[in-house]
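J.: Quick one: this structure, given as structure tokens, is what I'll be asking you about.
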Amino acid sequence: QEPSNKRVKPLSRVTSLASLIPPVRATPLKRVSQNLQRSISFRSDSRPDLFTPRPWSRNTPPASTKRRDSKLWSETFDVCVNQMLTSKEIKRQEAIFELSQGEEDLIEDLKLAKKAYHDPMLKLSIMTEQELNQIFGTLDSLIPLHEDLLRRLQEIRKPDGSTEHVGHILVAWLPCLNSYDSYCSNQVAAKALLDHKKQDHRVQDFLQRCLESPFSRKLDLWNFLDIPRSRLVKYPLLLREILRHTPNDHPDQQHLEEAINIIQGIVAEINIKTGESECQYYKERLIYLEEGQKDALIDNARVVCCHGELKNNRGAKLHVFLFQEVLVITRAITHNEQLCYQLYRQPIPVKDLVLEDLQDGEVRLGGSIRGAFSNNERIKNFFRISFKSGSQSQSHSLQANDSFNKQQWLNCIRQAKETVVCDIEAGTLDSEGHFLISPNGSRVPQGESRLEQMDQSDSESDCSMDTSEVNIDCERMEQTNSCENDKQIETNI
């Protein structure tokens with residue numbers, strides 16, 4: 001026991017009792033809610049397992065991501081100093097080595113997509129074999145094709161790592177890439193089916209596990225399925241880089257020029273077939289409320305110039321398709337468990353379409369109270385399309401996601417109008433916009449190819465859409481159409 005006469009240090013010298021307590025780092029509420037949501041969202045539907053921790057959950061420390069090391073030719077091989085290579089020759093060897101290294105990476109990713117995604121989902125019955133065949137397409141057939149090129153490139157490589165002639169190899173191998181047309185043409189349907197299957201919690205659970213695993217490098221399944229198309233578009237760039245550092249008197253000069261012409265022709269042909277396949281896919285998913293909405297311009301269309309989600313001045317989401325000679329305004333709906341597009345208004349011929357670029361703040365949002373209290377972001381990036389033919393007239397104020405997306409729409413519409421006018425003047429189309437001469441498929445909109453457009457941003461022309469907020473009342477739309485048939489229609493896109 002303590003003696004009663006022990007002197008005790010008074011508390012008055014302590015400025016605050018709270019200073020005696022070590023600080024505790026508080027977790028922000030937002031982070032707690034995110035962790036809670038993440039931990040629950042990937043549980044199974046069984047109640048007893050609701051709070052059972054799983055080793056792959058995000059609450060555990062994240063696994064180390066497997067990153068692919070970028071290799072250079074000069075770092076991979078011991079370059080002999082006595083050779084006195086020029087800087088141009090070193091760059092040429094680097095470009096050739098990049099071509100070879102890219103083939104290795106592509107083969108590794110294609111095998112990974114089959115081993116880590118296709119085979120497990122088939123074995124676990126997460127998807128049917130038919131669904132997996134639709135999503136993965138002819139992916140298996142591409143692996144031996146690229147293994148063949150890699151083997152050829154390795155055979156002509158000298159012991160010191162240098163490659164003297166590569167043009168003849170490419171000229172002989174590049175025609176094999178014609179087999180890509182079926183794979184690329186299938187991508188629109190494959191992406192749509194994959195996005196639809198993600199609504200199944202088993203599929204989403206499996207894909208999330210893979211995404212959080214080190215082997216995925218933080219890439220989802222579609223990134224792996226899109227790698228072959230990205231590689232196809234990159235070949236012309238790689239060959240031009242090799243040619244740029246090849247001396248004019250080098251034997252490879254002529255072969256490389258021939259190889260570039262071959263790959264450009266292949267990419268152009270695949271671009272045409274991919275565009276036609278995409279156009280046919282969306283045409284088959286158009287739903288007409290009445291027979292009068294069907295138009296021969298839609299049936300004859302072979303290319304989708306652009307499409308995507310826009311909003312009208314009331315904030316309603318609409319999906320707009322710009323075909324070669326007609327603009328179609330739709331609303332996305334789910335029909336027979338498939339994403340379809342129900343026509344919102346009568347199709348508008350491109351040749352009669354009037355386009356107007358609207359300044360920010362020029363459009364008044366629907367409803368006086370709503371418009372009065374709207375912020376500046378909601379009245380930006382609008383443009384107007386209008387059409388008048390006899391007693392029928394339409395006017396739609398459409399809003400893009402941002403200024404860049406708006407400019408893309410403006411450019412595509414203007415370009416489509418110029419193409420139609422040129423075709424009419426050349427006698428390819430009659431005054432109604434119908435073909436007088438059946439198109440041979442070689443005519444596509446100028447500008448970026450379909451493959452290169454897909455490389456930019458999937459968000460603008462992505463075949464996957466969130467349909468949870470879309471509920472269409474067909475009877476109400478029919479009544480609206482009948483009431484507004486004789487007056488100008490203000491819609492919001």
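J.: Taking strands (runs of 3 or more DSSP E) that do not extend beyond segment 235-349, which have at least 3 residues that are closer than 21 Å to Gln394 by Cβ and of a type outside the set (A, V, I, L, M)?
T.: 304-311, 317-323
J.: Within segment 244-261, work out how many residues are crowded, with 18+ Cβ neighbours inside 10 Å and either under 17 Å from Lys234 (Cα atoms) or out of contact with any Asp or Glu (no Cβ under 6 Å at 6 or more places or on another chain) (or both). Even if it seems obvious, please write down each step before you answer.
T.: Taking segment 244-261 and keeping what is crowded, with 18+ Cβ neighbours inside 10 Å, we get 245-246, 252, 255-256, 259-260.
Subsequent filtering for residues that are either under 17 Å from Lys234 (Cα atoms) or out of contact with any Asp or Glu (no Cβ under 6 Å at 6 or more places or on another chain) (or both) retains 245, 252, 255-256, 259-260.
Total satisfying the criteria: 6.
J.: While we're on this one: Can you give me the ranges of the helices (runs of 4 or more DSSP H) entirely in segment 92-158 with at least 1 residues that are within 24 Å of Thr274 (Cβ to Cβ)?
T.: Passing ranges, in order: 129-136, 139-155.
J.: Something else: Which of the residues that make up segment 350-366 are part of a loop (DSSP other than H, G, I, E, B) and open to solvent by less than 40 Å² (accessible area, probe 1.4 Å)?
T.: Those that are part of a loop (DSSP other than H, G, I, E, B) and open to solvent by less than 40 Å² (accessible area, probe 1.4 Å): Leu353, Leu358, Val363, Leu365, Gly366.
J.: A follow-up question, please. Which is over 24 Å from Pro175 (Cβ atoms) and either among the hydroxyl-bearing types (Ser, Thr, Tyr) or open to solvent by less than 70 Å² (accessible area, probe 1.4 Å) (or both), of Leu153, Leu132?
T.: None of the other options fit; the residue is Leu132.
Here's the yes/no breakdown for (1) of a type outside the set (D, E, K, R); (2) out of contact with any strand residue (DSSP E or B) (no Cβ under 6 Å at 6 or more places or on another chain); (3) touching a residue at least 24 places away in the same chain (Cβ under 8 Å):
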| site | (1), (2), (3) |
| --- | --- |
| Cys184 | yes, yes, yes |
| Gln199 | yes, yes, no |
| Gln208 | yes, yes, yes |
| Asp226 | no, yes, yes |
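J.: Quick one: how many residues across segment 272-302 are open to solvent by less than 20 Å² (accessible area, probe 1.4 Å), more than 19 Å from Ile329 (Cβ to Cβ) and not hydroxyl-bearing (Ser, Thr, Tyr)?
T.: Kept after step one, since they are open to solvent by less than 20 Å² (accessible area, probe 1.4 Å), are these residues of segment 272-302: 274-275, 278-279, 282, 286, 293, 297-298, 301.
The next check asks that each one be more than 19 Å from Ile329 (Cβ to Cβ); those that pass are 274-275.
Going one step further and asking which of them are not hydroxyl-bearing (Ser, Thr, Tyr), we end up with 275.
Residues flagged as open to solvent by less than 20 Å² (accessible area, probe 1.4 Å), more than 19 Å from Ile329 (Cβ to Cβ) and not hydroxyl-bearing (Ser, Thr, Tyr) within segment 272-302 amount to 1.
J.: State all residues of segment 206-236 that are more than 15 Å from the chain's Cα centre (by Cα), over 15 Å from Ile107 (Cα atoms) and open to solvent by 30 Å² or more (accessible area, probe 1.4 Å); if no residue qualifies, say none.
T.: Correct list: Arg209, Leu211, Glu212, Ser213, Pro214, Arg217, Lys218, Lys234.
The values are calculated or read from the model by the stated rules, or taken from the named source; none is laboratory data. As the structure is a prediction and not an experimental result, all values here were calculated from the model. Here Cβ is always computed from backbone atoms with ideal geometry, including for glycine, and neighbour counts include all displayed protein chains. Quick note on the areas: whole protein, heavy atoms, side chains included, nothing else; ligands and nucleic acids left out. Shrake-Rupley method; radii C 1.70, N 1.55, O 1.52, S 1.80 Å.
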